[in-house]
Amino acid sequence: MTILITGTTGNVGQPTVEALVESGEPVRAAVRDLDDAERLPDGVEPVVFDFTDPSTWAAAYDGVDRMFLMRPPPISNIERDMLPSLEAAQKAGVEHVVLLSLLGAEKNPVVPHRKLEDWLVPSPMSYTFLRPSFFMQNLSTTHLEDIRDRDEIFVPAGDGKTSFIDARDIGEVAAMALADPDAHRDIAYPLTGSEALSYGQVADIFSEVLGRKISYPKPGAIRFAWRMKKRGMSLPFVGVMTALYTVCRLGKADTVTNDLERLLGRPPISMRQFVGDHREAFSRG
Ligand SMILES: NC(=O)c1ccc[n+]([C@@H]2O[C@H](COP(=O)([O-])OP(=O)(O)OC[C@H]3O[C@@H](n4cnc5c(N)ncnc54)[C@H](OP(=O)(O)O)[C@@H]3O)[C@@H](O)[C@H]2O)c1
């Protein structure tokens, strides 16, 4: 039997694959484009898989008993675009699903992750829900250009604090739950970093680690949305981002839990370490 990982080119899928390979587990990595298989670690079996393309499901699920499930950000219609592929997974013999959910999903009926949780709980498959806070990797992807080229963190979060988590830590927990489902069966883990930081504090850490001034101009929601739209981001994506940062501005993104440290047996990766590890990406070269 093998473990199917979805989203293997993504922030969490990638470190999940790496951690499983390191612990000697058999891994099948789902990719939409086989060219992406070149970046997979040795020994990983690639398979073409798309949640919305039924012709890809049988080969992906064949011989799989455990699965890492993530909801690709472009997918919002869970009933139409994800549940049919999960029904196929269950019929094919998948027994345990580790779902990448969202911090607070249990209290928020409108998020797509909640629809996946609500479907999985009564299904015959067992589950582990990973409910992480905001990823540090948003700074090295979505906001990279502002930091690298303009020396600023440009998000409409006011003075609100965020309990940032490094996606690599989530990958490590996902790998643990996939390697030993019995120990993590039907449990939800709220996962956060060890402290909540304002974006002013994050900018100070960037400045210290990178050795140049990174500022946080505290843009309002309209200025932020305008810049992101001008940069070519889709309106729905800009809307979701603006809403997320407004939640933070209102002081609702600062929950800190100790589950991550308890599971990993070490402190979560800090913002300082994250910036240091991505120093090259944040430099203008
Ligand atoms: N960012 C945050 O702060 C945060 C916090 C909590 C929870 N989350 C949740 O985490 C999830 C995102 O995880 P991530 O950051 O690891 O992902 P990501 O880096 O955004 O990558 C998305 C992955 O989904 C794959 N994908 C896209 N469409 C697909 C389809 N139709 N079928 C199969 N695969 C498809 C992509 O493959 P290609 O390379 O082929 O495009 C890619 O591997 C979202 O559900 C998000 O809501 C995010």
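The values are calculated or read from the model by the stated rules, or taken from the named source; none is laboratory data. Every value quoted in this text rests on a predicted model; they were computed, and no experiment measured them. In this analysis, Cβ positions are derived from the backbone assuming ideal geometry, glycine residues included, and neighbour counts consider all displayed protein chains. Accessible surface areas use protein heavy atoms only, side chains included; no ligands, DNA or RNA. Shrake-Rupley method; radii C 1.70, N 1.55, O 1.52, S 1.80 Å.
The table that follows gives values for the structure above.
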| item | result |
| --- | --- |
| Members of region 217-243 found to be assigned to a loop (DSSP other than H, G, I, E, B) and over 24 Å from the mean Cα position of the chain (by Cα), listed by number | PRO217, LYS218, PRO219, GLY220 |
| Top-ranked residue of region 48-59 - restricted to ones that are more than 10 Å from the ligand (Cβ to nearest atom) and either of a type outside the set (Gly, Ala, Ser) or closer than 15 Å to LEU34 by Cα (or both), ranked as most open to solvent (accessible area, probe 1.4 Å) | PRO54 |
| Extreme residue, surrounded by the most Cβ atoms within 10 Å (Cβ to Cβ), among residues of region 164-206 that are assigned to a strand (DSSP E or B) and more than 16 Å from the ligand (Cβ to nearest atom) | SER198 |
| Residue in region 46-66 that is assigned to a loop (DSSP other than H, G, I, E, B), over 20 Å from GLY171 (Cβ atoms) and in contact with a strand residue (DSSP E or B) (Cβ under 8 Å, 6 or more places away or on another chain) present | yes |
| Count of region 1-20 residues which are more than 13 Å from the ligand (Cβ to nearest atom) and open to solvent by less than 50 Å² (accessible area, probe 1.4 Å) | 4 |
| Subset of region 21-47 (residues that are open to solvent by 80 Å² or more (accessible area, probe 1.4 Å) and among the charged types (D, E, K, R)) | GLU22, ARG32, ASP35, GLU38, ARG39, ASP42, GLU45 |
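Quick grid of which residues meet (1) in a helix (DSSP H, G or I); (2) more than 19 Å from the chain's Cα centre (by Cα); (3) within 30 Å of ARG223 (Cβ to Cβ):
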{"residue": "GLU79", "(1), (2), (3)": "yes, yes, no"}
{"residue": "LEU86", "(1), (2), (3)": "yes, yes, no"}
{"residue": "GLY93", "(1), (2), (3)": "no, yes, no"}
{"residue": "VAL110", "(1), (2), (3)": "no, no, yes"}
{"residue": "TRP119", "(1), (2), (3)": "yes, yes, no"}
{"residue": "ILE147", "(1), (2), (3)": "yes, yes, yes"}
